[in-house]
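Student: If you scroll down you'll find the structure; I have some questions about it.
The values are calculated or read from the model by the stated rules, or taken from the named source; none is laboratory data. Values in this document were obtained by computation on a predicted structure and should not be read as measured data. With ideal geometry, Cβ positions are generated from the backbone for all residues, glycine too; neighbour counts draw on all protein chains shown.
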Amino acid sequence: MARKLYIFGIGGTGSRVLKALTMLLASGCKLKNDFDTVIPIIIDPDTSNGDLNRTKDILKLYQEIRNQVNEPNDFFSQEIKTVNELANKSSVVNSDYFQFSLNDVDQSTFGQYIGFNTLNDDYKNSKDDKNFTRLLYSEKNLNSNLNVGFKGNPNMGAIVLNQFTDSEDFKRFGQTFSDGDAIFIVNSIFGGTGAAGFPLLLKNLRGNSDIPNSAKIKEAQIGGITYLPYFALNKKDEVNSDSFEDKAKIAIDYYNRTIIKQNKVNSLYFIGNKGNTKHLEYAVGGKEQKNNAHFLEMAGALAIFDFCENIVQTTNETQVKEFGIENDTGTILFGDLNLNNQKEIVKPLTKYKLFAEYLNIGLPKALNTSRWTKSNIWLVKRNENSFLDEQYFKSSEYKIQIDAFNKHFIEWLYEMEDNKPAFSPFNKINWEDALSLIKGNKGKGNKSFKSIDIENCKLITAIDLRSTLDKKHTTLIKIFGKSTEEVLSKKNLLKQEQNG
Amino acid sequence: MNDIFAIIYETLFGLYESQFSLIFDTLYENGGYNLLGLTFILIPLIMFAAFYFLWKYPYGKFWHWLLWLIIVFLITGGISWGISNNEIFLSNNQALIDALADPESGYEEYANTLPIKYALFNGLLSIAAGFIYSLIMKQFSKIQIHLPF
Amino acid sequence: MRLHIYLLFILLIFITSCTGCKNRNERLNGSDTKEKTENQTPEKKASKIPVERKIGKAIFYLENSGSMFGYVSGFTEYVDVVSELAEKPRFAEEKTSREFYFINGGQNIKVTNIGSNPTSLKDKLNENGFNCGDVSKSNLNSMFQLALSRAKNDTISILISDAIYDIGKPQAPMNALSTEGRETRSRFIERLNEGDLQTIIIKLNSQFDGKYFPVTGGSVNLSQNRPYYIWIFGATELLNQYFTDEYIKSLKGFTDIARFLKLSELEVPYQAIAHKKIGDFKFDKNDKNKLVNVKPDRNGQGFYYSIAVNFSDLPFSETYLTSISNYTCNNSNFSIRNVSSIGDVKLYGLNFEPTHIIKVGTDRSPHCQLEISLLNKVPNWIENTNSDDESNIIKDTTHTFGFKFLTNAISEAYQYKNKESNIITFKFELIK
């Protein structure tokens, strides 16, 4: 039974977690329990948010690449679709479809949005809404421009976000919902958008009968992950990272009373990191807010896998889970992770990393020399000639899609390495020692990219790898899925162990 | 088989002098031609089988193949030189031995020019054989299928 | 394109196998002959193992009719030669048993035993000694018959005579001579039927002082040189050994010699060789006398090759053997350039000892089945010795009346037995 998983990523954190999830899916991780399709929905009024746009771009590239692979079963095996595609049964890939739009936030201030100026200030008749409102919102709040989010003020976010459940996008979401589908919500408790949006969304999902298929949705499995503080800002201005913890406390208390005790979600995951955090560049929304990828975002993505794996149709009690690693260290390697997590991500990440590095470092040596890149071999059957020739690697599809995506991937890994705590399981490699990319694991024998080229030569003629004119990336994606796996296991590089 | 090889060396390459017929009769009779023929057939066969099925280097270029062909040529030539030298000068044909020993007969002088000729011609034959083997074997090679072209 | 390569390959195999087959057929035929010769040679070789035969007995018959007296009138060449023969060094050395007889007479032939001592013979070599038996007649044919009959196994017989038939005074002397001749022929044929026999006719000259009796009657006194003849009969092997051309030529008054022999007993191994060849060819692998890829010289010098032969089985003189006029080629394009003794030339790869090299070739197309024959020529002198007319007997030192009837008879007898007029034929195949 094919099931869909709708993932609502709220705010900046939501975007970044979705990004991490996409990277894991590209590496070959797959949701269990028949969840064929992932439908990411980003909710963020801050339309020019750097994180948001990056995530949307990555999601778009993922779709574009996957559309060009015939029955992917390793890299890019998980299908990602937008609500738009499902509702209109179209296959148009547009990065904007990943986001639900919020009306009237583009040019307004908060005051304008709530129609502050039109509020009654007749205090004599106890109708002084204006002043009442002033109790809740500061001048600053009222004058903030909404198109950069809520700047860490959930009291603003709560009001604005309320409207989105009336939006067309949300209605379409309801239309596409089927039996067995599930929902996962990503938010952060210290943000402006996330903190407000999560309970709001949940309230609508469980209680709003105006949504199409509201009955199904009400009974559906819903999971969520809430991010506790895991970074600080290097400046204190409108957004004061010192206030993150206090806000968190208040929010958690609210969650406890409302969400958890009332069993509104089936599984709730918590994740955060105290102390030892990096101070990030101060930015107040907009494209400047482009936070570097953090290990915890990837860890949060793992919650999604856990949610699907452990999905059970009927529980009444909310399951609460927390994420941890085995070793308290400032630089996290694979061995520091829990064995189960290692099983999930070591192989896929290593494979994809090897793949991406190969295209940068290893390909030049093989291009036009190794037979798997040659399409002009004489005296052979037609299928012995390769699709992956110089022409392919110079094509716009390769450059715009594969190359671009891989750049994002490498960047994502690099940012996590550079963050605090650092996630740095990989060594810097060159052509000679490419296969010793995992820290602490030397492997045996020759470690250059040569092994990959040899495997590619052997695999290139397999029938299931043949690209067609409308599925151009089939060969590349599938062959490297196989060859990286083969080489890494032959050289004994995929063993998982606990660091002591 | 001996006949076919005899035709190749004597007729095709013209390695025959009726004046010194003893040499060529001995080569024919004692299987010298067979050995030479097998040399130019088997050495390229083995060498190119190794090239196409044992050599796992994925960056093989045309010059690798060419170099290999040259090595085949040299090995075949060397072995052929050895075989012909042996068969002519260390035969068990007494008449030939006597003829070679007699300086006036001219046999020794003439016979000394032969091994290098056999080496060269057999080397050329091994190149031809190697080329044909290459065209056939490459079809079945996973890694060197693109060589020589 | 791949298809073309495969086709080419298959074609290559096809061609090579075809050419291989073709040659194999030829070679199979060639190998047949090879087998044949291989089978033959061992036997021949067995018989060739020289068991040096020795003459056990030499029987001398001296014609002592009246016409012979002139030869013993003094110490003539005749006396010298007869003495020499009687005491041939080898006979003396080997203590060969000898018997000496006088022989004359007509219907009833008269044989007078002189003994076995050469000394006793010498004492009789004079007119007195000759005068015994029936000196008035001489029946040549009976003499031949007797001498022939005694020459068996290791016995040889020697007949010394003037070779003039005694035909009485017939009306038609030629007819009579012809009849005599035919009888002679029959004698020889009978004897040849019984086995190997070589006949040597030696013509010698000697001083003759005495009476000559022409067929027409009467007598003529002569004092001049006259020819007389020695016939030697015996096994070819024995005669070859004891009576070489060299020896015979050393006899005093020697003029000429002729030999008649049974050719089938002779073995003359031969083989084509490339010695001093002009043009080009290859030896067939299985048959050295088959030349393949025969090509004339590029500069127009024609095509010539050589034949190594072992003539040691033949009793013929060096002169005879090296005279190119004694050879013929069955193909008129070909000719013998020269025949020479082997000398210092070293040849290899022969399974016999060569004695001579024959150079043969042509300036025209050389491809044929070539046969070169050594002719069994009756020497000219025999023809020249004959005379049909005795009228000029005085001063005639060379002719013998009716000689041709005698020698024709012998020659015909041998021809009849030999069936082959050639001593030996060399066969070659010259192929393009």
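Student: Within the range A:382-390, does at least one residue satisfy the condition of being at pLDDT below 95, more than 14 Å from chain B (Cβ to nearest Cβ), assigned to a loop (DSSP other than H, G, I, E, B) and surrounded by 13 or more Cβ atoms within 10 Å (Cβ to Cβ)?
Tutor: yes
Student: Also, quick follow-up: In the set A:Leu337, A:Leu268, A:Leu302, A:Leu280, which member is surrounded by 19 or more Cβ atoms within 10 Å (Cβ to Cβ), of a type outside the set (Asp, Glu) and at pLDDT below 80?
Tutor: Details: A:Leu337 fails: at pLDDT below 80; A:Leu268 fails: at pLDDT below 80; A:Leu302 fails: at pLDDT below 80.
Exactly one residue qualifies, and that residue is A:Leu280.
Student: Might you check whether a residue that is among the hydrophobic types (A, V, I, L, M, F, W, C) and at pLDDT below 90 occurs anywhere in the range C:333-345?
Tutor: yes
Student: Okay, moving on. Only residues that are closer than 27 Å to C:Pro315 by Cα and polar (S, T, N, Q): list them for the range C:350-366, please.
Tutor: Of everything in the range C:350-366, those that are closer than 27 Å to C:Pro315 by Cα and polar (S, T, N, Q) turn out to be C:Asn351, C:Thr355.
Student: In addition: Select, from A:Thr165, A:Thr133, the only residue that is assigned to a helix (DSSP H, G or I) and farther than 30 Å from A:Asn213 by Cα.
Tutor: A:Thr133
Student: Return a yes/no flag: does the range A:456-464 have any residue that is on the phi > 0 side of the Ramachandran plot and not basic (Lys, Arg).
Tutor: Checked against the condition, which is being on the phi > 0 side of the Ramachandran plot and not basic (Lys, Arg), the range A:456-464 yields no hits at all.
Student: I've got another one for you. How many residues are more than 21 Å from A:Asp418 (Cα to Cα) and more than 22 Å from the chain's Cα centre (by Cα) when one looks only at the range A:295-332?
Tutor: Summing the residues that are more than 21 Å from A:Asp418 (Cα to Cα) and more than 22 Å from the chain's Cα centre (by Cα) in the range A:295-332 gives 8.
Student: Can you name the residue in the range C:299-325 that is assigned to a strand (DSSP E or B) and aromatic (Phe, Trp, Tyr) and is also nearest to the other protein chains (Cβ to nearest Cβ) among such residues?
Tutor: Of all residues in the range C:299-325, those assigned to a strand (DSSP E or B) come to C:303-309.
Right, trim to aromatic (Phe, Trp, Tyr) and you get C:303-305.
Values: C:Phe303: 12, C:Tyr304: 12, C:Tyr305: 8 Å.
Here the residue is C:Tyr305.
Student: Would you pick out the residues in the range C:392-419 that are of a type in the set (Gly, Ala, Ser), part of a helix (DSSP H, G or I) and touching a helix residue (DSSP H, G or I) at 6+ places or on another chain (Cβ under 6 Å)?
Tutor: C:Ala409, C:Ala413
Student: Assuming C:Tyr348 fulfils every condition listed in (1) farther than 28 Å from C:Glu420 by Cβ; (2) at pLDDT 90 or above apart from one, which condition is it?
Tutor: Among (1) farther than 28 Å from C:Glu420 by Cβ; (2) at pLDDT 90 or above, the lone unmet condition for C:Tyr348 is (2).
Student: Quick test for you: out of B:Leu45, B:Leu15, pick the one residue that is away from chain A (no Cβ under 14 Å) and in a loop (DSSP other than H, G, I, E, B).
Tutor: Going through B:Leu45, B:Leu15 in turn, just one is away from chain A (no Cβ under 14 Å) and in a loop (DSSP other than H, G, I, E, B): B:Leu15.
Student: Let me ask something additional. Which ones in the range B:101-133 are without any contact (Cβ under 8 Å) to a residue 12 or more places away in the chain and more than 23 Å from the chain's Cα centre (by Cα)?
Tutor: B:Ala101, B:Asp102, B:Pro103, B:Glu104, B:Ser105, listed by residue number.
Student: Additional query: Only one of (1) crowded, with 21+ Cβ neighbours inside 10 Å; (2) more than 14 Å from chain A (Cβ to nearest Cβ); (3) farther than 14 Å from B:Asn122 by Cα fails for B:Phe51. Which number is that?
Tutor: The one condition B:Phe51 does not meet is (2).
Student: Next question, about the same structure. Does at least one position in the range B:57-67 carry a residue that is away from chain A (no Cβ under 14 Å) and under 10 Å from the mean Cα position of the chain (by Cα)?
Tutor: Checked the range B:57-67: no residue is away from chain A (no Cβ under 14 Å) and under 10 Å from the mean Cα position of the chain (by Cα).
Student: Next up: Kindly evaluate A:Ala404 against the criterion of being out of contact with any Leu (no Cβ under 7 Å at 6 or more places or on another chain) and either surrounded by fewer than 22 Cβ atoms within 10 Å (Cβ to Cβ) or away from every other protein chain (no Cβ under 14 Å) (or both).
Tutor: It is false that A:Ala404 is out of contact with any Leu (no Cβ under 7 Å at 6 or more places or on another chain) and either surrounded by fewer than 22 Cβ atoms within 10 Å (Cβ to Cβ) or away from every other protein chain (no Cβ under 14 Å) (or both).
Student: Give just the number: which of (1) buried (at least 16 other Cβ atoms within 10 Å of the Cβ); (2) over 30 Å from C:Asp209 (Cα atoms); (3) in contact with a strand residue (DSSP E or B) (Cβ under 6 Å, 6 or more places away or on another chain) does C:Phe401 not satisfy?
Tutor: Single failed check for C:Phe401: (2).
Student: Are there any strands (runs of 3 or more DSSP E) wholly within the range C:211-298 with 3 or more residues that are within 14 Å of chain B (Cβ to nearest Cβ) and among the hydrophobic types (A, V, I, L, M, F, W, C), and if so which?
Tutor: Ranges flagged: C:270-278, C:290-295.
Student: Which members of the range A:438-452 meet the condition of being part of a loop (DSSP other than H, G, I, E, B) and over 25 Å from A:Arg371 (Cβ atoms)?
Tutor: Matches in the range A:438-452: A:Lys439, A:Gly440, A:Asn441, A:Lys442, A:Gly443, A:Lys444.
Student: OK, next. I'm trying to understand the selection: among the residues of the range A:178-224, which are within 18 Å of the chain's Cα centre (by Cα) and among the polar types (S, T, N, Q)?
Tutor: Residues satisfying the conditions are A:Asn187, A:Ser188, A:Thr193.
Student: Restricting to the range C:338-375, and then to whatever is more than 14 Å from chain B (Cβ to nearest Cβ), charged (D, E, K, R) and surrounded by fewer than 16 Cβ atoms within 10 Å (Cβ to Cβ), can you tell me which residue is nearest to C:Ile257 (Cα to Cα)?
Tutor: The residue in question is C:Glu371.
Student: Just checking, which of A:Ile42, A:Ile80, A:Ile58 is touching a residue at least 40 places away in the same chain (Cβ under 8 Å) and farther than 27 Å from A:Ser396 by Cα?
Tutor: A:Ile42
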